[in-house]
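Data block below; observations after.
Any read-out appearing in this document is the output of simple, stated calculations on the displayed coordinates, not a laboratory observation. The model shown is predicted, which means the values in this text are computed figures rather than measured ones. Here the Cβ is made from the backbone with ideal geometry for all residues, glycine too, and neighbour counts use every protein chain on show.
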Amino acid sequence: MKRVIVTICVLVVCFIQPISAQKFHSDLYHEIGVDAGPSSLVGGFINGTIGFWSGLGGALSHRPIEMKWYGNYGLHYYYQVKPWCQVGVKATVECAKTTQYTDTFRTTISSVNHDVLVALMPSVHFTYLNRPWVRLYSGLDVGCAYFWPGPTFDNGKEDENDSKKDNNFAFAFNVTAFGVNVGKKFYGLFELNAGYDSFIKVGIGARF
């Protein structure tokens, strides 16, 4: 048992040492940027679930359903606290549209619904490779989300009795499993995420 504990301690020290020994290669401590991707996993699940039940209802009533995702877009800011740590905030928004037709030939629209998901999350990045041109990192975000189902239009008129009009706030989270940042004063980024940020995204930004 003692050997196991000693081995774990050695591995932890070996992992922390390279991170703590990193040097910050720039006097540009602030980062701001924009990014875009197809959809967050949470947004895809919400809209996909809505689309599934709408599609099932449409299939039973012989009225086809069409789902469209317009993407996930974000804005972020970070401050370099340590060579291995950044703190900041990010905001994301994504939209989807559900259209139901009266006939299988899709000549007449029966109803249209627009869904919007917005998230605001304080964020932290852990940089495990910090070089002048390339940085590799992972991250964690926790904040608040706002889901607006939007109005439903039936035969061109807004449905006054739509039960989906309630606005919903929810706990928001995101884990950046992998991120790469390339550039000095101006940079490009690529990330893989799980949560309210796009599951795969690219972006650009600037340091100052």
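Segment 180-204 and segment 24-44 have Cα centres separated by 5 Å. As a rough guide to protection, the peptides 88-98, 68-78, 28-38 ranked by mean Cβ packing within 10 Å, highest first, stand as 88-98, 68-78, 28-38. Computed from the Cβ-Cβ distance with R0 of 35 Å, the FRET efficiency linking residue 178 to residue 97 stands at 0.70. Peptides 112-119, 179-186, ordered by how many other C-beta atoms sit within 10 Å of their residues on average, highest first, read 112-119, 179-186. Each Lys or Arg adds one and each Asp or Glu subtracts one; over the other residues with Cβ under 13 Å from the Cβ of residue 193, this totals -3. Judged by the mean number of other Cβ atoms found within 10 Å, the most tightly packed of the peptides 192-198, 123-129 leads the ranking 192-198, 123-129.
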